Amino acid sequence: MPPENKTEVLVVGAGPVGLLTALLLSKQGVLVRVIDKKPGLFPVTDACLLHSRSLQLLERVNVRDLLPRGQRIDLLSIYEGSAPIVQWNCADLSPEMPYLLVVPKGALTAFLEKKLQEAGVQIEWNRRLSGLGASKGHVVATIERLVISAKGYIVPEMDWEVEGTEQLEARFVVGADGADSKVAHLLEIEQQLFGDPEFYVIAEVESAWESQNEIRTVLGPDRTSTLWPLPGKVIRWNFQLSEERLEEFPFKERAPIPIEQPALDQANRESLAILVRERAPWFKGKIGAIHWSTDASFQHRCAATAEKAGCLLIGDAAHETNPAGMQSMNSGLLEAARLAERLTQVVRHGADSEVLEEFSRKHLQEWSSMLGVLPASAGAMASAPAWANNRNLRLLTALPATGRDLAQAINRVHLNLALPLAA
Ligand SMILES: Cc1cc2nc3c(=O)[nH]c(=O)nc-3n(C[C@H](O)[C@H](O)[C@H](O)COP(=O)(O)OP(=O)(O)OC[C@H]3O[C@@H](n4cnc5c(N)ncnc54)[C@H](O)[C@@H]3O)c2cc1C
């Protein structure tokens, strides 16, 4: 193959996890290419929550440049109905990085893309992975070049067409291609499912709220809700709902191109206000204009292996939890750092690829013990208060912490768990 069709590592997916992996690899002098099927980064406004551990990792790439775009969080509170049951300062869990950051997802990915460009790597947009093969100890990826095509006469329809394909030879492929991972499909890696899908309504709305540096998680008898402050006078609600109750939110009728729909906005605002009164009676603010909203289902799952035939899965490609604690993305960032370190050892320093198998084993152990073993064998501590009983999995996945910080947070909420969490 000509040299331009070869690389040391191909990263599939330019989401937060793929971008951080590529950035850390390129900083170690590893030859890396990044492809994404999308046409580019859009100014996505919906927020994500960066845990203290993720901010520590991002310090390696000057996270200070990102801080002004976000809302700093110093306090975490768990409510049962209208009363707080546990509260702690972020500094108690993580003295080295004593806060969390709520930031628009678009700002995070734009920050990582800029850093990657400064490191001399351009993301290859409109490139979709469609096949994986093997040749002489390397992975051969088939990549489609996509172009936009306009069809229709009176009503134009935009679609994507395959303009051509190319083959790229890589020593390793990192599948950071999200929940519906093509890498996992092509390698026939099964996903282990835990429990039933959970349904959420997520809305970012204008509203003045006095508690700008606090995240609140509300544990209902069988549903979880969270409130995050966003930069400016905007807040984010995540409400777990039954599938039937999603009908009260006609988000799906929204057109793909934003157009004014005042009646629909009003209906959604009224339904949100009802939920807020039910779940968060302490909230006295008004529900103003909706900036962004959606409904989505989340399935607790974990890939059966994170390593196969020279390919590695990380981030949402490898696992998913509900959005309450934002654990899937933050664990993905931690995996990006661990994997970049191991790939550098193999590619640059001749380490045995056993270190990659070990990465997969540890990852599996961590996720399956979190999602699988938990409901069966773990209980609350003998001395735990009543609210901690029978809510283990919901409590665990709602904790906004990763790695060793999660172990600390588990103690705070009286869960009797010794998870194999890496630092
Ligand atoms: C509506 C919604 C709301 C959410 N809210 C929350 C929340 O509140 N809290 C939370 O924890 N998490 C939330 N999540 C999940 C969160 O977005 C993910 O955990 C996070 O984005 C995972 O990052 P990632 O980099 O692993 O994957 P992604 O961000 O999904 O990125 C994957 C990338 O791979 C690209 N790709 C896919 N297939 C191919 C292919 N064949 N070839 C090339 N490129 C490909 C995609 O275009 C995409 O850019 C939400 C998800 C959704 C859908």
Exercise. Determine which member of the set 296, 336, 306 is buried (at least 20 other Cβ atoms within 10 Å of the Cβ), closer than 26 Å to residue 101 by Cβ and within 16 Å of the ligand (Cβ to nearest atom).
Key: 336
Self-check item: Test: residue 215 is within 12 Å of the ligand (Cβ to nearest atom) and either in contact (Cβ under 8 Å) with a residue 60 or more places away in the chain or farther than 26 Å from residue 86 by Cα (or both)
Solution: yes
Exercise. Determine, yes or no, whether residue 41 is part of a loop (DSSP other than H, G, I, E, B), near the ligand (Cβ under 10 Å from one of its atoms), touching a residue at least 12 places away in the same chain (Cβ under 8 Å) and in contact with an Asp or Glu (Cβ under 7 Å, 6 or more places away or on another chain).
Key: yes
Quiz prompt | Residue pairs meeting the criteria (Cβ under 8 Å; at least 6 apart or on separate chains; first under 24 Å from residue 319 (Cα atoms) and assigned to a loop (DSSP other than H, G, I, E, B), in the stretch 287-309; second modelled with pLDDT of 90 or more and aromatic (Phe, Trp, Tyr)) | solution = 306/359
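If you go through the stretch 275-284, how many residues are part of a loop (DSSP other than H, G, I, E, B) and open to solvent by 30 Å² or more (accessible area, probe 1.4 Å)? So that I can check it myself, show each step before the final result.
Applying the first criterion (part of a loop (DSSP other than H, G, I, E, B)) to the stretch 275-284 yields 280-284.
If we keep only those that are open to solvent by 30 Å² or more (accessible area, probe 1.4 Å) too, we end up with 281-282, 284.
Matching residues across the stretch 275-284 total 3.
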Self-check item: From 112, 101, 108, residue being over 20 Å from residue 39 (Cα atoms) and within 16 Å of the ligand (Cβ to nearest atom)
Solution: 101
Quiz prompt | Selection status of residue 227, surrounded by 16 or more Cβ atoms within 10 Å (Cβ to Cβ), of a type in the set (A, V, I, L, M, F, W, C) and modelled with pLDDT of 95 or more | solution = yes
Self-check item: The listed residue being at pLDDT 90 or above and in contact with a strand residue (DSSP E or B) (Cβ under 6 Å, 6 or more places away or on another chain), out of 242, 181
Solution: 181
Quiz item: So which strands (runs of 3 or more DSSP E) are wholly in the stretch 200-248 and hold at least 2 residues that are under 18 Å from the mean Cα position of the chain (by Cα) and among the aromatic types (Phe, Trp, Tyr)?
Solution: 234-241
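The values are calculated or read from the model by the stated rules, or taken from the named source; none is laboratory data. Keep in mind the model is a prediction, meaning the values are calculated, not measured. No Cβ is skipped: glycine too gets one built from the backbone with ideal geometry, and neighbour counts run over all protein chains shown. All accessible areas refer to the heavy atoms of the entire protein, side chains included, with ligands and DNA or RNA removed. Shrake-Rupley method; radii C 1.70, N 1.55, O 1.52, S 1.80 Å.
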